[in-house]
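Since the structure comes first, as structure tokens, the remarks are kept for the end.
The values are calculated or read from the model by the stated rules, or taken from the named source; none is laboratory data. All values reported here derive from a predicted model rather than from experimental measurement. Cβ placement follows ideal geometry from the backbone for every residue including glycine, while neighbour counts extend to all protein chains displayed.
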Amino acid sequence: MELNSALGLGVRWAHLAACLLVVGAFGALVLAGPAPRPTALAWEQRVSRAARAMLLVALASGVLALAQQAALAEGRPDVGAAAMARYALETQGGVAWLARHGLLVLLAAFAALSGRPRPGADWVAARGESALLAAVALGLLAASGHAAAVEPDTARAVAVDAVHLLAAGAWIGGLAPLAALLAAAARETGADARPYAVLAARRFSRLGLVALATLALTGAANTAVHVGSVAGLLGTTYGRLLCLKLALLVPIAALAAVNRRRLLPALAGEAATVGRPAMRRLAAFVVLEAAIALLLLLVVAAMAVTPPARHEEPVWPLSFRLTTVALADDPAGRARLLVGSQVAILGAAAALAGLTLRARRAPLLAGGGVLVAAGLALAMPALAVDAYPTTYVRPAVPYHASSIVRGARRYAEHCAACHGPRGAGDGPAAAGLPVPPADLRAAHTAHHTAGDLFWWVTHGIPGRGMPGAGDRLAADERWDVVNFVRTLGAAAIEARRAAPAAPPSVPIAPDFAFAVGPVPDRSLREYRGRRAVLVVIYTLPASRARLTELARAYRLIAALGGEVIAVPRDPAPDAIRRLGDEPPVLFPVVTEGAADIVRAYGLLADGPHAEFLVDRRGYLRGISAGPPPDTSRLLDDLQALSREAELPPAEDHVH
């Protein structure tokens, strides 16, 4: 069987829509209750027939969806029954498919054989069982979607996605049955079903509120898991589909609000002039809601076959981004942000007052909107900085000491002529440029993302006379240069004490590989999430007293969640023996890999003895150069770090 992408998307949309409509149909029957009059009874029978038809659509489209998944797994466009059976029996998605379709087959048989149950307990049991089977089958869709691939907390992600699907089924799936009931009861011949329809509409309205709140909460949780950032939302296909989904949800929610506030209260009015006209309008609005919802489900089906944003490199679509990083060096920007935010808050308060007060509602809403717009117009420019397509791209080369050393060589060859050997902007060719080169050691360097730096290294900055190196350096070599420049910028950030801070006010500590004697290589990164690390670059004999002090305090350091890695400035295979046996040195002393560590960390603090405190998330939280600090201060810093709220993991932060 061969399925092209358009047909595959249509199959997924049909399956999802059919499953939601089945849940909504049986849920609407349970919500409305047993039909007491002929018009309501005829509606119940039509909804039951429609549910059975949707079950057949769900089963048929499910088989086609299985064929598509098997074709993807086999890597060829057409597959047979054997390949489909292999996929169904040997993959997690296939097992979920078997469980779901087993329930759908059981439900179809039950719905076909049971007929119309008798009023009373039999009716409630039969309709309730049908709704429950449909709900479980719908919820199992989560076990074969993106949520099933989330690690860790897979079970939580699947559960959240299942609740999201069930809320959508109860609300969106119930729109068509509700519209049919309202349309039937709005006719003169349907007067016997009007009280029944009014009661069902009120119940559905309350259910819709709960479902909408549930969709908002679970949708936010799904967004945090699968998107994770504004860059992922705007810069990836999955994120843009999510934006389209939210855009379609807005008119659905707006129609629901109008229905609840204006039309629902009018249903109980005088039949000829108020009740029936309101019921006809409500039925038309509900049909419109359902039509938009079907378009929304097409977007959801497309999201199901699109890699989540967290697994894609975002391509930033705007020429700017909003960030607070530049405010540290811009007092005027901080003032604008403060004034603008207060004006916007005042406007929001006025708008909220307008929503709650009937008197002067229009002027309050209008004035509040103007104040919010004015406040944002004043505040947003203070947060806007230039951005590029690669601004949020994750570095392809890790921020590692070896990369920094390679980058230093490439920088000396291609960049030092203008920016100077240490990045001070004082190179011999700087005088001939239209704009003096930036001082790469200044704090502003750390305010730019690694993607910003990569764009400039690749394409240059024409207005400043900076040429691009994209035609002279391979991509990995450009990332090496970026890592070197990031280190120059990190040296300008105040990281002298382990005071509470958040990125980018603290830099990431460059990773490094090292060996201790004959044991296998290790890395600084291995300590992330477990221990803070004190990296000590030492020179003998000047550092002997400090190393002796650390050796004596090592058990207490370890008890406070710390580790010490000693790196000799003059590396030697017998570095451990040179330290002596008294007191015993129990912390790692680097015997291989020291040269790259010394060169990379020397950009942050140079000298015969330097110490760098790295927290358990990988951020550089303390730098000490010159005379060794007091050990009691180190213990205080370790204790402070152990009590500190966790920062985002360093690998998720690109400054």
Query raised in the report: For residues in segment 529-560 being touching a His at 6+ places or on another chain (Cβ under 8 Å) and part of a loop (DSSP other than H, G, I, E, B), which is surrounded by the most Cβ atoms within 10 Å (Cβ to Cβ)?
Result: 543
**Report entry** Checklist (1) part of a helix (DSSP H, G or I); (2) more than 42 Å from the chain's Cα centre (by Cα); (3) touching a residue at least 12 places away in the same chain (Cβ under 8 Å) applied to residue 577, failing item
**Finding:** (3)
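Residues checked against (1) of a type in the set (Val, Ile, Thr); (2) surrounded by fewer than 22 Cβ atoms within 10 Å (Cβ to Cβ); (3) closer than 24 Å to residue 606 by Cα:
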residue	(1), (2), (3)
402	no, yes, yes
406	no, yes, yes
419	no, no, yes
422	no, yes, yes
425	no, yes, yes
429	no, yes, no
438	no, yes, yes
443	no, yes, yes
Query - Odd one out for residue 173 among (1) outside any helix (DSSP H, G or I); (2) modelled with pLDDT under 90; (3) not β-branched (Val, Ile, Thr) - result: (2)
Query - Residue in segment 77-98 that is in a helix (DSSP H, G or I), closer than 22 Å to residue 8 by Cα and touching a residue at least 60 places away in the same chain (Cβ under 8 Å) present - result: no
Requested in this report: Return the residue satisfying two criteria in turn: it lies in segment 238-266 and is touching a Phe, Trp or Tyr at 6+ places or on another chain (Cβ under 8 Å) and either at positive phi or in contact (Cβ under 8 Å) with a residue 24 or more places away in the chain (or both), and of such residues it is surrounded by the most Cβ atoms within 10 Å (Cβ to Cβ).
Outcome: 259
Requested in this report: Residues being surrounded by fewer than 19 Cβ atoms within 10 Å (Cβ to Cβ) and assigned to a helix (DSSP H, G or I): count how many of those fall in segment 267-284.
Outcome: 8
Query raised in the report: Out of 582, 563, 526, 611, which single residue is exposed (fewer than 15 other Cβ atoms within 10 Å of the Cβ) and within 22 Å of residue 490 (Cβ to Cβ)?
Result: 526
Query - Pick from segment 222-237, criterion surrounded by fewer than 17 Cβ atoms within 10 Å (Cβ to Cβ) and among the hydrophobic types (A, V, I, L, M, F, W, C), ranking: nearest to residue 161 (Cα to Cα) - result: 224
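On the basis of being surrounded by fewer than 18 Cβ atoms within 10 Å (Cβ to Cβ) and either at pLDDT below 90 or not hydrophobic (A, V, I, L, M, F, W, C) (or both), does residue 74 make the cut?
Details: surrounded by fewer than 18 Cβ atoms within 10 Å (Cβ to Cβ): yes; either at pLDDT below 90 or not hydrophobic (A, V, I, L, M, F, W, C) (or both): yes.
Yes: the conditions hold for residue 74.
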**Report entry** segment 215-237 residues that are closer than 22 Å to residue 173 by Cβ, paired with ones that are not aromatic (Phe, Trp, Tyr) (beta carbon under 6 Å, 6 or more apart)
**Finding:** 215/167; 218/160; 218/163; 218/164; 221/160
Query raised in the report: Which one of 595, 553 is over 30 Å from residue 485 (Cβ atoms) and of a type in the set (A, V, I, L, M, F, W, C)?
Result: 553
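Yes/no matrix, rows are residues, columns are (1) assigned to a helix (DSSP H, G or I); (2) of a type in the set (A, V, I, L, M, F, W, C); (3) without any contact (Cβ under 8 Å) to a residue 40 or more places away in the chain; (4) not assigned by TED's automatic domain parsing to the domain that holds residue 329:
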residue	(1), (2), (3), (4)
373	yes, yes, yes, no
378	yes, yes, no, no
391	no, no, no, yes
417	yes, yes, yes, yes
421	no, no, yes, yes
463	yes, no, yes, yes
Requested in this report: Hey, can you tell me all the residues within segment 59-79 that are of a type outside the set (A, V, I, L, M, F, W, C) and in contact with a helix residue (DSSP H, G or I) (Cβ under 9 Å, 6 or more places away or on another chain)?
Outcome: 61, 62, 68, 69, 74, 76, 77, 78
Query raised in the report: residue 411 fails exactly one of the following numbered conditions: (1) touching a residue at least 60 places away in the same chain (Cβ under 8 Å); (2) surrounded by fewer than 17 Cβ atoms within 10 Å (Cβ to Cβ). What is the number of that condition?
Result: (2)
Report task. Can you give me the number of residues within segment 314-339 that are outside any loop (DSSP other than H, G, I, E, B) and either at pLDDT below 90 or buried (at least 16 other Cβ atoms within 10 Å of the Cβ) (or both)? Result -> 13
Requested in this report: Filter segment 440-494 down to residues that are under 23 Å from residue 327 (Cα atoms) and among the acidic types (Asp, Glu) and give me whichever is modelled with the lowest pLDDT.
Outcome: 494
Report task. Only residues that are at pLDDT below 90 and farther than 17 Å from residue 403 by Cβ: list them for segment 502-515, please. Result -> 502, 503, 504, 505, 506
Report summary line: When (1) under 30 Å from residue 370 (Cα atoms); (2) out of contact with any helix residue (DSSP H, G or I) (no Cβ under 6 Å at 6 or more places or on another chain) are applied to residue 244, the one that fails is (2)
Query raised in the report: Counting only residues that are in a loop (DSSP other than H, G, I, E, B) and in contact with a strand residue (DSSP E or B) (Cβ under 8 Å, 6 or more places away or on another chain), how many does segment 561-572 have?
Result: 3
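Is one or more of the residues making up segment 153-163 among the charged types (D, E, K, R) and touching a residue at least 60 places away in the same chain (Cβ under 8 Å)? First the steps, then the outcome.
As a first pass, look at segment 153-163 and keep what is among the charged types (D, E, K, R): 153, 156, 161.
So of that shortlist, the ones also touching a residue at least 60 places away in the same chain (Cβ under 8 Å) come out as 161.
Within segment 153-163, one or more residues are among the charged types (D, E, K, R) and touching a residue at least 60 places away in the same chain (Cβ under 8 Å).
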**Report entry** Test: residue in segment 587-603 that is at pLDDT 90 or above, aromatic (Phe, Trp, Tyr), assigned to a strand (DSSP E or B) and within 14 Å of residue 490 (Cβ to Cβ)
**Finding:** no
